[in-house]
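The values are calculated or read from the model by the stated rules, or taken from the named source; none is laboratory data. None of these values were measured; they are calculated from a predicted model. When we count neighbours, we look across all protein chains shown, and the Cβ atoms used for this are built from the backbone with ideal geometry, even at glycine.
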Amino acid sequence: MLMLSLFRLVATVIPWVVNLATWLLARSLNMPEPVVHDTGVFVFAQVQTIENRVGKALCPMRLMRRLRSLLQR
């Protein structure tokens with residue numbers, strides 16, 4: 001029962017904290033809140049795309065195949 005009440009508390013506090021952080025950042029940058037929010041979503045999507053590309057390039061199986069091809073030459 002205690003865990004459920006803690007989960008409910010966290011579930012209600014997190015959106016409030018995110019809204020507060022967005023509001024504070026928008027105020028400090030002197031920008032509207034929706035612009036700050038949309039910019040954050042755009043940056044997150046770009047970083048995620050780059051991480052996925054790097055993750056594929058550093059895949060252990062792909063690196064092993066590249067190493068074998070280099071050693072066979």
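Points to keep in mind about this one:
- Of the residues 22, 39, the single one that is of a type outside the set (A, V, I, L, M, F, W, C), over 15 Å from the mean Cα position of the chain (by Cα) and surrounded by 11 or more Cβ atoms within 10 Å (Cβ to Cβ) is 22.
- Any hit, region 49-57, residues being over 17 Å from the mean Cα position of the chain (by Cα) and modelled with pLDDT under 85: yes
- Reported count of residues in region 1-19, each being surrounded by 11 or more Cβ atoms within 10 Å (Cβ to Cβ) and of a type in the set (S, T, N, Q), is 1.
- Long-range neighbours under 9 Å by Cβ, at least six apart or interchain, first residue in a helix (DSSP H, G or I) within region 62-73, second surrounded by 10 or more Cβ atoms within 10 Å (Cβ to Cβ): 63/57
- When we screen 49, 12, 22 for residues that are of a type in the set (S, T, N, Q), assigned to a helix (DSSP H, G or I) and touching a residue at least 12 places away in the same chain (Cβ under 8 Å), the only hit is 22.
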